[in-house]
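See below for the structure under consideration.
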Amino acid sequence: MLRTMDEKQGIGVYSQNLMDHMLRLDQGNEYVLIYRNPDFLGRYAHYDHVSERLVTAANKLLWDQVKVPLQARRDKLDLIFHTKFTVPLLSGVPSVMVLHGSAWYVDPASYKPLDVRYIKTVLPMYIRKSAKVISVSDRAWKDMVEFAGADAAKFQTVYNAPDDRFFEIQDEKTLREVKQKYDLPDRFLLNVGSLSTAKNVKNLLLAYAQVKDEIPHKLLIAGRLRVGHSEELAPVETHNLRDHVLFPGWVSQEDMPALLQLADLFVFPSWYESCSVALLEAMASGCAVVTSNTGGTPELTGDAAILVDPTRPEDIANGVRMALSDDNLLQRMRDGSREQSLRFGWEKCARETLAVLHSVGPGSGKH
């Protein structure tokens, strides 16, 4: 079930990278890939063990719960794997889904109340129906056990990963081109993600307001506007940051490695991340990191980052001050980011995902 392939944020990146590596590694099973977006038809046509299907529906619920089970019956599938948090409730085919986070339970204020009620209603049902649930961090599944009464035995942690391109050192020509394309300043702090309440942009701006006169750095916030962004961006006006904060919009995956390598510091104080792909990309690029001490983030960073309390702008500001106060510390943080990032990779993610699927389905079958 691959309706997530065209998402621009982390789950879309996850789905594409995971399938690219899984299909290359496992050619002993037959795969039927079910898309909602016709643009992906033919993406894996070069594989003999892959068939692709386009299934359309008026909405996601109808696609997940009616159309996909019918297609699975027609194709006589042995296992259904969804790269997001849903499985067909009425299908007799064993199912595995991916739990990408638990913030609806831990940080409900960042979401619409109706969405929170919906998730808290259906997610426990999906977990109970699943033969196994792949969780992107230990923290995510432990939250579900604590807040939703889920069965801990259902879960297996498989971490996300940065794309291979983020491990590559960008040449000077590429760095110059990206700097010119986005009209980047010589020194800047970088934040990546949607401009939404969940990403804690307001507290990031309040923290930057405390340090902007102490450092030569601009603040670059790359991402799409989301619901509630007006309130999140209010400090730009109230703290006279208009000449100091840059909003380039969405930055492509092709340009992001260079952008990260040009940044002096990646500042990522989200309220609650289970396993942020953006954070893993920053570390793989050798960017020094200041990030939150909440959620699954400490699992990812180890000792490589400065961890701060995302609820306190002064703590975020002090983290930035600490990182920029000592060039030797900043270099150690860069080196630590690269070293820590080697723990994560899409091939590793794919192998561990396949192990979960094989533990549920037949050793050789149709997925």
Report the residue count in segment 82-126 for those that are free of Cβ contacts under 8 Å to residues at least 12 places away in the same chain and among the hydroxyl-bearing types (Ser, Thr, Tyr).
2
Looking at this structure, is Val277 of a type in the set (A, V, I, L, M), without any contact (Cβ under 8 Å) to a residue 40 or more places away in the chain and farther than 21 Å from Leu329 by Cα?
no
Filtered residues of segment 166-190 (kept if loosely packed, with under 15 Cβ neighbours inside 10 Å and under 30 Å from Val98 (Cα atoms)):
Glu168
Filter segment 98-130 down to the residues that are β-branched (Val, Ile, Thr) and closer than 27 Å to Pro269 by Cβ, then identify the one that is nearest to the chain's Cα centre (by Cα).
Val98
In the list Ser194, Ser230, which residue meets the criterion of being under 20 Å from the mean Cα position of the chain (by Cα) and assigned by TED's automatic domain parsing to the domain that holds Pro269?
Ser194
Of Lys76, Lys84, Lys60, which residue is modelled with pLDDT under 90 and closer than 24 Å to Arg24 by Cα?
Lys84
Run Leu219 past the list (1) in contact with a helix residue (DSSP H, G or I) (Cβ under 6 Å, 6 or more places away or on another chain); (2) modelled with pLDDT under 95; (3) within 23 Å of Leu324 (Cα to Cα) and report the number of the one that doesn't hold.
(2)
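Has segment 171-192 got at least one residue that is assigned to a loop (DSSP other than H, G, I, E, B) and of a type in the set (A, V, I, L, M, F, W, C)?
Yes.
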Selected residue [of a type in the set (S, T, N, Q), out of contact with any Cys (no Cβ under 8 Å at 6 or more places or on another chain), more than 19 Å from Gly193 (Cα to Cα) and surrounded by fewer than 16 Cβ atoms within 10 Å (Cβ to Cβ)] from Asn328, Asn318:
Asn328
Among (1) outside any loop (DSSP other than H, G, I, E, B); (2) in contact with a His (Cβ under 9 Å, 6 or more places away or on another chain); (3) within 30 Å of Lys199 (Cα to Cα) - the single one Ala109 does not satisfy
(2)
Checking Ala317 against (1) under 29 Å from Val133 (Cα atoms); (2) assigned by TED's automatic domain parsing to the domain that holds Ser196; (3) in contact with a helix residue (DSSP H, G or I) (Cβ under 7 Å, 6 or more places away or on another chain); (4) outside any loop (DSSP other than H, G, I, E, B): exactly one of these is not met. Which one?
(1)
Checked segment 6-27 for anything within 24 Å of Ser91 (Cβ to Cβ), in contact (Cβ under 8 Å) with a residue 60 or more places away in the chain and part of a loop (DSSP other than H, G, I, E, B); matches are Asp26
Is it the case that Ala72 is in the same structural domain as Met125 (by TED's automatic domain parsing), surrounded by fewer than 17 Cβ atoms within 10 Å (Cβ to Cβ) and of a type in the set (A, V, I, L, M, F, W, C)?
no
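Search segment 248-307 for residues being among the hydroxyl-bearing types (Ser, Thr, Tyr) and touching a Lys or Arg at 6+ places or on another chain (Cβ under 7 Å), and hand back the single one that is nearest to Tyr208 (Cα to Cα).
Ser270
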So, restricting to strands (runs of 3 or more DSSP E) that lie completely within segment 205-298, which ones have at least 1 residues that are over 30 Å from Ala140 (Cα atoms)?
218-222
For segment 33-56 the number of residues that are within 25 Å of the chain's Cα centre (by Cα) and hydrophobic (A, V, I, L, M, F, W, C) is 4
Could you say whether any residue in segment 137-155 is loosely packed, with under 15 Cβ neighbours inside 10 Å and over 22 Å from Leu89 (Cβ atoms)?
yes
Met5 over 23 Å from Lys154 (Cβ atoms), outside the structural domain of Thr353 (by TED's automatic domain parsing), buried (at least 17 other Cβ atoms within 10 Å of the Cβ) and not β-branched (Val, Ile, Thr)
yes
Here the residues within segment 122-149 that are under 20 Å from Leu357 (Cα atoms) and either in the same structural domain as Ser276 (by TED's automatic domain parsing) or part of a loop (DSSP other than H, G, I, E, B) (or both) are Ser130, Ala131, Val136, Ser137
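The values are calculated or read from the model by the stated rules, or taken from the named source; none is laboratory data. Model, not experiment: these values are computed from the prediction. Backbone-built Cβ (ideal geometry, glycine too); neighbour counts: all protein chains shown.
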